[in-house]
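Take a look at the structure below.
The values are calculated or read from the model by the stated rules, or taken from the named source; none is laboratory data. Just so it is clear, the structure is predicted and the values come from calculations on it, not from any experiment. In this analysis, Cβ positions are derived from the backbone assuming ideal geometry, glycine residues included, and neighbour counts consider all displayed protein chains.
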């Protein structure tokens, strides 16, 4: 589906916010990593972080959708969000090698992060597929 960059960013931001709330709920349920602050602080962090991750994923999806070898936009969005997560995870591995006492690999967190990246892609892909236009552009 063709869409403008501003509509893509809007869809990414909203998808990311929804994803952030889902990620907070999943973490609260699984308890994989402890929250550093209270619920309201975590809600704000997950909302803002989700919006940033959603916008980044939507931007890359907008730019590279034709190059990704899947027909379904949902699978394309999953590929994009998972790829971004892998790049960030690789950066974490580099930091871990540089300062192992401060940055360390945690398998349950990594697995949960991977599954949540897939979830973001699914949410973004469904928004994209639905033709969600947002309200950034003037009517």
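Looking at the stretch 4-22, can you tell me whether even one residue there is over 13 Å from residue 125 (Cα atoms) and free of Cβ contacts under 8 Å to residues at least 24 places away in the same chain? Among the residues of the stretch 4-22, not one is over 13 Å from residue 125 (Cα atoms) and free of Cβ contacts under 8 Å to residues at least 24 places away in the same chain, which makes the answer no.
Of all residues being over 24 Å from residue 17 (Cα atoms) and surrounded by 14 or more Cβ atoms within 10 Å (Cβ to Cβ) in the stretch 52-104, which is modelled with the lowest pLDDT? Just the residue, please. This residue is 103. You will find that of 49, 20, the residue that is part of a helix (DSSP H, G or I), within 15 Å of residue 109 (Cβ to Cβ) and at pLDDT 90 or above is 49 and no other. Just one of the listed residues (28, 41) is at pLDDT below 90, in a helix (DSSP H, G or I), under 25 Å from residue 107 (Cβ atoms) and more than 17 Å from the chain's Cα centre (by Cα), and it is 28. Taken over the stretch 58-79, the criterion of being touching a residue at least 12 places away in the same chain (Cβ under 8 Å) and part of a loop (DSSP other than H, G, I, E, B) is satisfied by 68, 72. Checked against (1) free of Cβ contacts under 8 Å to residues at least 60 places away in the same chain; (2) within 18 Å of the chain's Cα centre (by Cα), residue 35 passes all but condition (2). When restricted to residues that are part of a helix (DSSP H, G or I), farther than 26 Å from residue 61 by Cβ and touching a residue at least 60 places away in the same chain (Cβ under 8 Å), the stretch 80-109 contains 1.
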